[in-house]
Amino acid sequence: MAGEPFIVPERRSRPHSHDLTMKLFAEAGLTARVAQVAEEKHTIVNLVAAGIGLAIVPRWTSRMMTQGVRYVMLEDAGRKNRLPLAAAWAKDVRDPLRDELLETLRGGLPRFAKQA
């Protein structure tokens, strides 16, 4: 992928995704050749389909099955460079639905991690 044009997420709105792509290149001793910046994953995948460049995207985007796009797993990248996840809510607010959602998330974390 070295030297190929890349489509990367806008850092202002997607700092984790942007930085992860740049970090993967840096760890390989390379510099990403950014051809296009886009905010949404759907936009990025469609720009790939249009031939603008390559992109590193989360595994879930492969379910989009966009014509003209081939997804290739980056085995080494996924293990050590996962994006952190967090949940946020208003302080001192009791919400049974939120608590139920958090329990569901905690129970599914091992499965989610495999799909990330």
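The values are calculated or read from the model by the stated rules, or taken from the named source; none is laboratory data. The structure displayed is predicted, hence computed values, not measured ones. Glycine gets a Cβ as well: all are built from the backbone with ideal geometry, and neighbour counts include every protein chain shown. Each accessible area value is taken on the protein alone, full model and side chains, heavy atoms only, with ligands, DNA and RNA left out. Shrake-Rupley method; radii C 1.70, N 1.55, O 1.52, S 1.80 Å.
Close amide H pairs (under 5 Å, H built 1.01 Å from N) link L54 with F6, I7, residues at least 5 positions away or on another chain. Compared with the alpha-carbon gap, the fully stretched path from S13 to H42 is longer by 9.0 nm at 0.36 nm per residue. Around the amide H of E10, modelled in the peptide plane, lie the amide H atoms of A38, E39, all under 5 Å away and 5 or more residues distant in sequence or on another chain. Residue by residue, segment 91-108 carries 3J(HN,Hα) couplings of 5, 6, 10, 8, 8, x, 5, 4, 4, 5, 4, 4, 5, 4, 4, 4, x, x Hz when phi is fed to the Karplus relation 6.51 cos²θ - 1.76 cosθ + 1.60 (θ = phi - 60°); x denotes Gly or Pro. In this simple spin-label approximation, K23 and A35 carry label points 7 Å from Cα along the Cα→Cβ vector, and these lie 2.6 nm apart. The residues of segment 1-82 expose on average 66 square angstrom of accessible surface per residue, using a 1.4 Å probe on protein heavy atoms.
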